[in-house]
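A.B. asks: So that we are looking at the same thing, I have put the structure below in structure tokens.
The values are calculated or read from the model by the stated rules, or taken from the named source; none is laboratory data. Here the structure is a predicted model, which is why all the values come from computation and not from measurement. All Cβ positions, even for glycine, are placed from backbone atoms using ideal geometry, and neighbour counts span all protein chains on display. With ligands, DNA and RNA removed, areas are computed over all heavy atoms of the protein, side chains included. Shrake-Rupley method; radii C 1.70, N 1.55, O 1.52, S 1.80 Å.
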Amino acid sequence: MRKNNSDINLDETDLSLLELVQQDGRISNTKVAEKLSLSEAPCWRRRKRLEEAGIIVNYQANLNRELLGFGVMALVQISFADPTDEAPVLFEEKIQKIPEILSCYNVTGETDYLLQVVARDLASYELFLRTVLRKLPGVRSIQTSISLREVKNSSRLPVQNLRDRK
């Protein structure tokens, strides 16, 4: 998989295809071809090329966390005693296996990592904090902000902005 698209030429049709599959990952090739005014074979080849290039990474359903009982969304800042030793590598390996951690970013600033964590309620988050997060290798401090209300949550990239760079 490529890490950037500098050697992939995306035309207007490719960008439109990307917008369509971001809106609906289940959209059929027939529907995409129809919306893009293409026949099905060239449409399929474009989609396949974008998948093979690593631009389309996967398809997934977005679930409503609150309806599934995950009422707490925590933004967790993690700092290390010594971020230059082996602890961050071990930390990153461990968090890959923890399903409550939805995302993890190595960040600049006063903390080393920012995590997005879900829990059923505050009591289960406190248990997770005590039994999982505090036991991760190298962690010096943990600061948690609990989300009061979700204002925006999207994983869709602004593909339309790529048109401006052409």
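A.B. asks: Take the range 37-56 and flag every residue that is touching a residue at least 24 places away in the same chain (Cβ under 8 Å) and part of a loop (DSSP other than H, G, I, E, B). Walk me through how you get there before you give the answer.
C.D. replies: Within the range 37-56, the first condition is being touching a residue at least 24 places away in the same chain (Cβ under 8 Å), and the residues that meet it are 38, 43, 46-47, 50, 53-56.
Selection gives Leu38, Ala53, Gly54, Ile55, Ile56.
A.B. asks: Do any residues in the range 57-80 that are within 23 Å of Lys94 (Cβ to Cβ) and in contact (Cβ under 8 Å) with a residue 60 or more places away in the chain have Cβ atoms under 7 Å from those of residues that are surrounded by 17 or more Cβ atoms within 10 Å (Cβ to Cβ) and among the charged types (D, E, K, R), where the two are at least six apart or on different chains, and which pairs are they?
C.D. replies: From the range 57-80, the pairs are Ile78/Asp112; Ser79/Asp112; Phe80/Asp112.
A.B. asks: Next up: I'd like the full set of residues that are over 21 Å from the mean Cα position of the chain (by Cα) and either surrounded by 13 or more Cβ atoms within 10 Å (Cβ to Cβ) or on the phi > 0 side of the Ramachandran plot (or both), limited to the range 142-166.
C.D. replies: Ile142
A.B. asks: I'd like the full set of residues that are in contact with an Asp or Glu (Cβ under 9 Å, 6 or more places away or on another chain) and within 24 Å of Leu122 (Cα to Cα), limited to the range 75-90.
C.D. replies: Gln77, Ile78, Ser79
A.B. asks: Pairs only if they're at least six apart or on different chains, beta carbon under 8 angstrom, first in the range 23-36 and in contact (Cβ under 8 Å) with a residue 12 or more places away in the chain, second assigned to a helix (DSSP H, G or I) and open to solvent by 70 Å² or more (accessible area, probe 1.4 Å); list them, first residue then second.
C.D. replies: Asn29/Glu40; Asn29/Trp44
A.B. asks: Okay, next question. Go through the range 113-162 and give me each residue that's at pLDDT 95 or above, farther than 27 Å from Ile56 by Cα and in a strand (DSSP E or B).
C.D. replies: Ala119, Ser141, Ile142, Gln143, Thr144, Ser145, Ile146
For every residue, the table says whether it meets (1) on the phi > 0 side of the Ramachandran plot; (2) outside any strand (DSSP E or B); (3) open to solvent by less than 80 Å² (accessible area, probe 1.4 Å).
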{"residue": "Leu63", "(1), (2), (3)": "no, yes, no"}
{"residue": "Leu68", "(1), (2), (3)": "no, yes, no"}
{"residue": "Ile78", "(1), (2), (3)": "no, no, yes"}
{"residue": "Thr84", "(1), (2), (3)": "no, yes, no"}
{"residue": "Phe91", "(1), (2), (3)": "no, yes, yes"}
{"residue": "Ile98", "(1), (2), (3)": "no, yes, yes"}
{"residue": "Leu102", "(1), (2), (3)": "no, no, no"}
{"residue": "Tyr105", "(1), (2), (3)": "no, no, no"}
{"residue": "Thr108", "(1), (2), (3)": "no, yes, no"}
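A.B. asks: Going through Leu10, Leu63, Leu67, Leu90 one at a time, which residue ends up being modelled with pLDDT under 95, more than 19 Å from the chain's Cα centre (by Cα) and within 22 Å of Ser155 (Cα to Cα)?
C.D. replies: Among Leu10, Leu63, Leu67, Leu90, only Leu10 is modelled with pLDDT under 95, more than 19 Å from the chain's Cα centre (by Cα) and within 22 Å of Ser155 (Cα to Cα).
A.B. asks: Answer with yes or no whether Ala81 is modelled with pLDDT under 95 and among the hydrophobic types (A, V, I, L, M, F, W, C).
C.D. replies: In short, yes.
A.B. asks: Got a number for residues in the range 137-166 being farther than 17 Å from Val118 by Cβ, in contact (Cβ under 8 Å) with a residue 24 or more places away in the chain and out of contact with any strand residue (DSSP E or B) (no Cβ under 7 Å at 6 or more places or on another chain)?
C.D. replies: 7
A.B. asks: All but one of (1) closer than 27 Å to Gln160 by Cβ; (2) small (Gly, Ala, Ser); (3) not in a loop (DSSP other than H, G, I, E, B) hold for Ala74; state the number of the condition that does not hold.
C.D. replies: Ala74 satisfies all of (1) closer than 27 Å to Gln160 by Cβ; (2) small (Gly, Ala, Ser); (3) not in a loop (DSSP other than H, G, I, E, B) except (1).
A.B. asks: What about Val117, is it farther than 27 Å from Arg26 by Cβ, open to solvent by less than 40 Å² (accessible area, probe 1.4 Å) and among the aliphatic types (A, V, I, L, M)?
C.D. replies: When the stated conditions are applied, Val117 passes them.
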